[in-house]
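Participant: The structure under discussion is supplied below as structure tokens; questions concerning it will follow.
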Amino acid sequence: MKKNITLILTINIILWFGLGSIANSANKEAKLSSGYANELTEFNLWLKKNNYSQYLKEDSNGNLVSTLDVRPFEGRWAQPYHSNPNRDTLVYYHYKNTWSHTNGDRNTYQFGSYKVEPAKKYEFKFSITKNEFVQKQMQKKALLSYLYVEGDTIKIDEISPASRFGEFVDNDTQLRSNSMGKSIVSYVLGTAICEGYIDGANSNLNDWPLIQNTLYYNQKIIDLINMGAGDKHIIHDFGLVKNNSYDPDTKSIQKTMNLFFRGSESKEKQVGKKYNYHQLLPNIIFNYVLYKTGDNFQTVLNKTFQKAGIENAVYFNRLKDPTAEGDASNMFFASRYDWLRIAKAMMNDYQNDTCVGKYLKTLHKNKIKKNVKGTDYEEPGFSPGTSYGGYFHMNYPGLKDRVIFGISGYGGNTILMDMENSQIVVINSIHYNNAKYKYNVKKLMIEPFKKGTVK
């Protein structure tokens with residue numbers, strides 16, 4: 001694998017044109033494919049627009065080029081799991097994660113968004129002790145932010161230093177969720193249930209024409225949100241079985257159902273039992289909420305997030321085909337403290353036994369075992385929970401006597417909540433693998449709940 005990565009990087013350097021001193025000196029005549037050349041041009045324009053001119057210069061033709069040593073992985077949107085990109089390449093992928101879909105600012109979205117504006121900000125207390133271990137991890141890994149909270153008091157608060165990524169992230173940067181958005185969709189579903197739009201987690205999906213004549217029709221919601229819908233013969237986390245190049249996470253539910261699921265049947269023995277993690281199911285549930293709430297969808301979103309006391313706007317992406325039915329995407333964005341505020345709101349609901357809290361307890365009661373024995377792609381090291389319930393990871397090693405709800409997303413993004421003991425860890429990250437960028441999961445995620453801090 002390392003030899004393959006080296007070969008890929010070497011080819012990209014040779015092809016690379018006008019995008020850093022290494023590429024310029026290596027081969028001025030070489031060019032990237034037009035798609036990647038355009039993306040890097042947009043990156044350079046973003047650097048200029050956001051006052052990072054120290055990383056820009058003009059080439060001999062008067063074109064604006066970056067002096068950053070960016071080496072993109074051509075042929076894929078994100079960096080591969082096992083790759084070990086340099087710091088400047090991670091800066092580029094942070095830009096792609098956070099800004100590329102916004103046309104360079106926080107208020108213009110390429111495909112639209114479902115957005116919630118803040119109402120009244122929730123104020124945390126601070127009792128900060130600098131933690132040397134966390135600081136060392138921030139200096140070496142691809143971490144953007146680390147927060148540890150007890151009750152309503154933040155005990156550890158670290159953001160990436162300037163020498164790493166601190167120039168490109170602040171308290172207002174809306175950080176990408178990746179698969180953390182699945183759990184956020186579940187929280188929105190809880191609000192929709194409690195507002196009376198949906199009967200409950202154990203109700204059947206038998207009133208939505210969009211999924212008629214598919215394996216999902218008339219199944220219980222709990223089976224879909226447990227990733228136990230019996231659909232592994234059609235879809236898995238790598239894509240569609242019959243068309244691995246089709247990306248269901250960017251297509252409308254209507255299109256995906258029409259192309260791959262009409263006339264399909266569930267593998268009956270798997271329903272509610274066999275864990276099959278993938279991106280389509282949370283989008284189905286999110287768009288079911290959209291269908292059931294109709295003109296009140298925005299009201300449900302507002303109720304979900306404004307009660308958390310968010311400081312900045314939060315938003316979900318919309319899919320690329322907004323004219324088709326089912327365009328809501330589970331890709332969610334929030335600032336670092338707002339991620340914490342949302343987690344705190346979930347914990348408060350659980351502890352206060354609100355209607356949404358009862359919904360969360362139902363998820364914990366109905367969790368299923370993962371029984372996953374495969375690659376790190378399926379269950380990466382930053383998501384070691386052995387059970388799954390309602391788009392939350394559960395049963396973490398060393399914490400199996402605790403009620404832990406875990407939220408995880410590609411790149412090492414993770415939130416852990418001890419629902420009964422009022423402890424929360426929030427980690428935002430660009431990249432995670434089992435080599436250079438593997439942060440210490442045990443010390444950063446597990447030990448704080450056992451020892452009260454990182455030691």
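Participant: Give the number of residues within the range 423-455 that are closer than 11 Å to PHE382 by Cα, free of Cβ contacts under 8 Å to residues at least 60 places away in the same chain and surrounded by fewer than 15 Cβ atoms within 10 Å (Cβ to Cβ).
Facilitator: Within the range 423-455, residues that are closer than 11 Å to PHE382 by Cα, free of Cβ contacts under 8 Å to residues at least 60 places away in the same chain and surrounded by fewer than 15 Cβ atoms within 10 Å (Cβ to Cβ) number 1.
Participant: Within the range 345-361, how many residues are assigned to a helix (DSSP H, G or I) and more than 12 Å from ILE193 (Cα to Cα)?
Facilitator: Result for the range 345-361: 9.
Participant: Within the range 401-422, can you find the residues that are in contact (Cβ under 8 Å) with a residue 12 or more places away in the chain and not in a strand (DSSP E or B)?
Facilitator: Passing the criteria: ARG402, VAL403, TYR410, GLY411, GLY412, MET419, GLU420, ASN421, SER422.
Participant: Also, quick follow-up: How about the range 158-181: which of its residues are surrounded by 23 or more Cβ atoms within 10 Å (Cβ to Cβ) and touching a Leu at 6+ places or on another chain (Cβ under 6 Å)?
Facilitator: SER160
Participant: Provide a single number: the residues in the range 288-338 that are within 21 Å of ASP207 (Cα to Cα), of a type in the set (D, E, K, R) and in contact (Cβ under 8 Å) with a residue 12 or more places away in the chain.
Facilitator: 3
Participant: Could you grab me the full set of residues in the range 55-73 that are farther than 11 Å from ASN44 by Cβ and surrounded by 15 or more Cβ atoms within 10 Å (Cβ to Cβ)?
Facilitator: Residues satisfying the conditions are ASP69, ARG71, PRO72, PHE73.
Participant: Would you mind finding the one in LYS242, LYS182 that is without any contact (Cβ under 8 Å) to a residue 60 or more places away in the chain and not small (Gly, Ala, Ser)?
Facilitator: LYS242
Participant: Can you find a residue in the range 182-197 that is assigned to a helix (DSSP H, G or I), in contact with a Pro (Cβ under 6 Å, 6 or more places away or on another chain), surrounded by 23 or more Cβ atoms within 10 Å (Cβ to Cβ) and at pLDDT 95 or above? Talk me through it step by step, then tell me what you get.
Facilitator: Step one: of the range 182-197, the residues assigned to a helix (DSSP H, G or I) are 182-194.
Keeping just the survivors that are in contact with a Pro (Cβ under 6 Å, 6 or more places away or on another chain) gives 182, 185.
From what is left, the residues that are surrounded by 23 or more Cβ atoms within 10 Å (Cβ to Cβ) are 182, 185.
Retained after the next criterion (residues that are at pLDDT 95 or above): 182, 185.
For the range 182-197, residues assigned to a helix (DSSP H, G or I), in contact with a Pro (Cβ under 6 Å, 6 or more places away or on another chain), surrounded by 23 or more Cβ atoms within 10 Å (Cβ to Cβ) and at pLDDT 95 or above: present.
Participant: May I pose another question? Restricting the search to the range 38-89, which residues are touching a Lys or Arg at 6+ places or on another chain (Cβ under 9 Å), part of a loop (DSSP other than H, G, I, E, B) and among the β-branched types (Val, Ile, Thr)?
Facilitator: Of everything in the range 38-89, just one residue is touching a Lys or Arg at 6+ places or on another chain (Cβ under 9 Å), part of a loop (DSSP other than H, G, I, E, B) and among the β-branched types (Val, Ile, Thr), namely THR67.
Participant: State the number of residues belonging to the range 98-110 that are at pLDDT below 65 and either within 16 Å of THR250 (Cβ to Cβ) or not basic (Lys, Arg) (or both).
Facilitator: Number of matching residues: 7.
Participant: All but one of (1) in contact with a strand residue (DSSP E or B) (Cβ under 7 Å, 6 or more places away or on another chain); (2) in a helix (DSSP H, G or I); (3) crowded, with 21+ Cβ neighbours inside 10 Å hold for HIS364; state the number of the condition that does not hold.
Facilitator: (3)
The values are calculated or read from the model by the stated rules, or taken from the named source; none is laboratory data. Quantities reported herein were computed from a predicted structural model and do not represent experimental measurements. Virtual Cβ from ideal backbone geometry, glycine too; neighbours counted across all protein chains shown.
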